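Okay, handing you the structure first.
The values are calculated or read from the model by the stated rules, or taken from the named source; none is laboratory data. Treat the numbers as computed from the prediction; the structure is a model and nothing was measured. Glycine gets a Cβ as well: all are built from the backbone with ideal geometry, and neighbour counts include every protein chain shown. Accessible surface is based on the protein model in full, side chains and every heavy atom, while ligands, DNA and RNA are left aside. Shrake-Rupley method; radii C 1.70, N 1.55, O 1.52, S 1.80 Å.
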Amino acid sequence: MGYLVETSGRLKLPQELERQALTVLEVRMGARGGWFDADQVHVDSLEELAPYAAAQVRREGEWLLVGTDTDGDPKWSEQASEFYRSLGSFVREGEVHVRGEDGQAWSYLYSGDGVLQRGDNGWDGTPGDPAAGPVPPAPTPPGVSPPPPAASGPTAAGAPEPPAQPAQFRYPGSDERPAPPPPAAPQSYAPGDPGDPGSVAESPSYPGPPTGLPEDRVQRAWADPPPASAGRTALMVGLLVVGVVLIIGLALLVSGL
């Protein structure tokens, strides 16, 4: 199944540094678990490497625009974590925000000092860096009132926390399961119908009468075949005897020669 993620953000990486960054990322990601294998896969840009880190990357000047890999199967792995950590050696400005299928959110913050992870990784639980601070709450959509503050006291403290709402994944990698088909309606039979389990045709292999045909054709189709006539039987026997005599005569003729 894997752990699906949504991704957004942008990173400042001059184009002249991309080749160097790509070489380092290929080596470091190859040593981690995931779907990228440098011996079998050849990439020429971070745009081609990003899908193996569950993301899409598009260059716009000196910036790399990062988004969800809606064309693939954006599942997190050790290689995805290494991708964003290793970019800290080259990127000096930018942020990337990740949200898992269970609603867990974390970010990568880039500066001249490297990269910091804000929030815990929802895939393997890797804790965030304390210096990065907590993950800010998601903004409230326009027209929606924020939830009321939680009540204080022993009752509120002992109440279970509501489960996190999962992200809305609506792309091909979301593994959405179709709804089960409705149960089939039971079949009914009229008394005396050949398809009736209580009639003479109660064998499990009995297919039932053909449908969509006139009544007389249906009766002829399921009626017993008529017996063969005596004259036809005598004719067939006579032909068989004549054939045997001809075969014996031909054999004697050939042996006499």
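With a point put 7 Å past each Cα toward its Cβ, work out how far ARG232 is from ARG19 in nm, to one decimal.
Reported label-point gap for ARG232 and ARG19 is 9.1 nm.
Shifting gears a bit: Quick one: if the Förster radius is 25 Å, what FRET efficiency do ALA131 and THR70 give, using the C-beta to C-beta distance and rounding to 0.05?
Efficiency, from the Cβ-Cβ distance: 0.15.
Ok, one more. Over segment 1-84, what percent of the accessible surface lies on carbon and sulfur atoms, probe 1.4 Å?
On segment 1-84, the fraction of accessible area on carbon and sulfur atoms equals 45 percent.
Quick one: go through segment 10-37 and flag any residue whose amide nitrogen is under 16 Å from the point 7 Å out along the Cα-to-Cβ line of GLU78.
Counting only backbone N, you get 26-37.
Report GLU6's accessible area, 1.4 Å probe, all protein chains in place, as a number in Å² to the nearest 10.
The accessible area of GLU6 comes to roughly 50 Å².
Taking the solvent-accessible surface of protein heavy atoms with a 1.4 Å probe, what is the per residue accessible area of segment 5-116 in Å²?
That works out to 47 Å² for each residue.
For a quick protection proxy, order the peptides 13-26, 68-81 by their average other-Cβ count within 10 Å, most packed first.
68-81, 13-26
How much of ARG85 can a 1.4 Å solvent probe reach, expressed as accessible area in Å² and rounded to 10?
Result for ARG85: roughly 80 Å² accessible.
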